[in-house]
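Accompanying notes for the structure given below.
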C-alpha cells in the first residue's frame with residue numbers, strides 16, 4: 001500500500017526490552033529485584049474498588065503530597081506516565097526539528113530515540129576510556145543550534161555524577177543560547193545529592209524523578225517533572241488529558257504516607273550493595289559502584305557468555321553491553337542482601353568455579 005509515514009518515525013531503529021522476564025530473577029533493568037513489601041502492596045490493593053477503577057485519574061492529591069515531600073509548590077510539578085513520557089513531552093515542547101539535543105554517551109537510550117522520532121539532531125558527548133567525562137566538553141558542545149541539554153545525575157549506565165560547579169557551567173552556557181537543561185534524577189535516592197534547588201534559581205532547569213527505581217513501581221508507571229511554573233505550564237499544554245493512571249497515583253500517595261517505608265527501602269538497598277561489593281572484592285573482581293541501584297562487574301571470562309549462562313542455567317538476567325567502553329562488564333541491579341546472595345552464588349559458580 002502507498003500511505004504516508006512520518007519520515008523520522010520510519011527511519012528510527014528501535015530495540016524493545018525482552019519479553020518473558022517474569023520467569024526469571026531480574027537484575028538487568030535496574031528494578032528492585034524483590035519489590036515493595038507484600039503487606040504494604042496488599043493494603044493499597046484493598047483500596048482499589050470497582051468504583052475507584054471507574055473514575056478518571058486525578059493527580060492533584062498525589063502532587064500536593066509530593067510537593068510537600070520534596071519542598072516545592074504544586075505549581076512546580078506535573079505527573080507523567082513514567083519518566084519515559086516526561087522525556088517525550090519535554091523534547092516535544094522545547095526541541096525543534098533540525099536543531100540539537102546534547103547528551104553524554106552512553107546514556108539512557110530514550111533521549112536519542114526521541115530525537116530520532118522527532119527529527120532532532122542528537123549531539124552525543126563521549127566518555128573517556130576510563131569512564132570519566134570532562135564537563136567542559138559538554139559546555140563546548142552547546143551551540144546556537146542547541147535547544148535541550150540532558151544530564152543524568154547519576155548517569156545510566158556509567159553511574160558518574162556532577163559537581164555543583166560543573167552543573168552551573170552547563171546551565172549558564174545553556175542560558176546563553178536559550179536552551180533548557182533536563183537533569184534526570186531517576187537514581188537520586190541511591191545518591192543523596194540533588195540539583196533540585198536549581199529549579200528555583202535557574203529558569204531553564206527541569207528535574208525528572210521516577211517511582212520505578214527505589215519506589216519499585218515500574219509496572220504501573222509514575223514519573224514527575226519538576227520545574228518553574230512557566231515551564232510546567234508549557235509542558236501541560238502538550239500532555240495527554242489523562243496521563244498517569246489512578247493505580248500508580250494511589251501507590252505513589254501511599255508510599256509518601258509511609259516515610260519509614262522509604263527509609264527502609266534505602267537502607268535495604270544500601271546494605272545489599274555494600275555486601276555484594278565486599279564479597280566480589282574478596283574474590284578479586286574489578287567492580288564499579290555506579291552510584292545508582294546498580295554496579296558493574298568485570299567477569300574473569302567473556303561478559304556476554306557469562307550473561308548467557310546465567311540466563312540459561314540459573315534463570316538470572318543481567319545486562320551485558322555491545323558498547324566498546326563496556327564490552328568487558330556486566331551491569332547488575334542491586335537489592336537486599338538476600339537478593340544479592342542469590343545472584344552472587346550463581347555468578348561465582350558460573351564464572352569462577354566452572355568457568356565460562
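Miscellaneous remarks
- For region 217-231, the tally of residues that are surrounded by 20 or more Cβ atoms within 10 Å (Cβ to Cβ) and either at pLDDT below 95 or over 15 Å from residue 29 (Cα atoms) (or both) stands at 7.
- Test: residue 40 is within 19 Å of residue 211 (Cα to Cα) and either more than 20 Å from the chain's Cα centre (by Cα) or in the same structural domain as residue 227 (by TED's automatic domain parsing) (or both): yes
Quick grid of which residues meet (1) over 21 Å from residue 161 (Cα atoms); (2) out of contact with any helix residue (DSSP H, G or I) (no Cβ under 8 Å at 6 or more places or on another chain); (3) outside the structural domain of residue 23 (by TED's automatic domain parsing):
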| position | (1), (2), (3) |
| --- | --- |
| 235 | yes, no, yes |
| 250 | yes, no, yes |
| 253 | yes, no, yes |
| 280 | yes, no, no |
| 288 | no, yes, no |
| 300 | yes, no, no |
| 303 | yes, yes, no |
| 306 | yes, no, no |
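- Any hit, region 42-52, residues being free of Cβ contacts under 8 Å to residues at least 12 places away in the same chain, surrounded by 15 or more Cβ atoms within 10 Å (Cβ to Cβ) and in contact with a helix residue (DSSP H, G or I) (Cβ under 7 Å, 6 or more places away or on another chain): no
- Residue match in region 106-118 (condition: in contact with a strand residue (DSSP E or B) (Cβ under 7 Å, 6 or more places away or on another chain), within 24 Å of residue 10 (Cβ to Cβ), surrounded by fewer than 21 Cβ atoms within 10 Å (Cβ to Cβ) and free of Cβ contacts under 8 Å to residues at least 24 places away in the same chain): yes
- Residues of region 146-166 satisfying the condition of being outside any loop (DSSP other than H, G, I, E, B) and over 16 Å from residue 192 (Cα atoms): 146, 147, 148, 149, 150, 151, 165, 166
- Only helices (runs of 4 or more DSSP H) whose full extent lies in region 245-356 are considered here, and the ones with at least 1 residues that are touching a strand residue (DSSP E or B) at 6+ places or on another chain (Cβ under 8 Å) and surrounded by fewer than 20 Cβ atoms within 10 Å (Cβ to Cβ) are 259-282, 303-314, 337-348.
- Flag if residue 276 is at pLDDT 95 or above and not assigned by TED's automatic domain parsing to the domain that holds residue 340: no
- Region 10-34, residues that are more than 29 Å from residue 213 (Cα to Cα) and touching a helix residue (DSSP H, G or I) at 6+ places or on another chain (Cβ under 8 Å): 11
- Those residues of region 172-197 which are without any contact (Cβ under 8 Å) to a residue 40 or more places away in the chain and in a strand (DSSP E or B), in sequence order: 181, 183
- Helices (runs of 4 or more DSSP H) fully within region 24-72 that include at least 2 residues being in contact with a strand residue (DSSP E or B) (Cβ under 7 Å, 6 or more places away or on another chain) and under 30 Å from residue 273 (Cα atoms): 60-70.
- Condition check for residue 169: closer than 22 Å to residue 131 by Cα and not in a loop (DSSP other than H, G, I, E, B): yes
- Which numbered condition residue 200 misses (of (1) crowded, with 20+ Cβ neighbours inside 10 Å; (2) not in a loop (DSSP other than H, G, I, E, B)): (1)
Yes/no per residue for (1) closer than 17 Å to residue 205 by Cα; (2) assigned to a strand (DSSP E or B); (3) outside the structural domain of residue 141 (by TED's automatic domain parsing); (4) within 22 Å of the chain's Cα centre (by Cα):
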residue: 75; (1), (2), (3), (4): yes, no, no, no
residue: 78; (1), (2), (3), (4): yes, yes, no, yes
residue: 88; (1), (2), (3), (4): yes, no, no, yes
residue: 107; (1), (2), (3), (4): no, no, no, yes
residue: 110; (1), (2), (3), (4): no, no, no, yes
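The values are calculated or read from the model by the stated rules, or taken from the named source; none is laboratory data. Just so it is clear, the model here is predicted, and its values are computed rather than measured. Note that each Cβ is placed from the backbone with ideal geometry, even for glycine, and that neighbours are counted across all protein chains shown.
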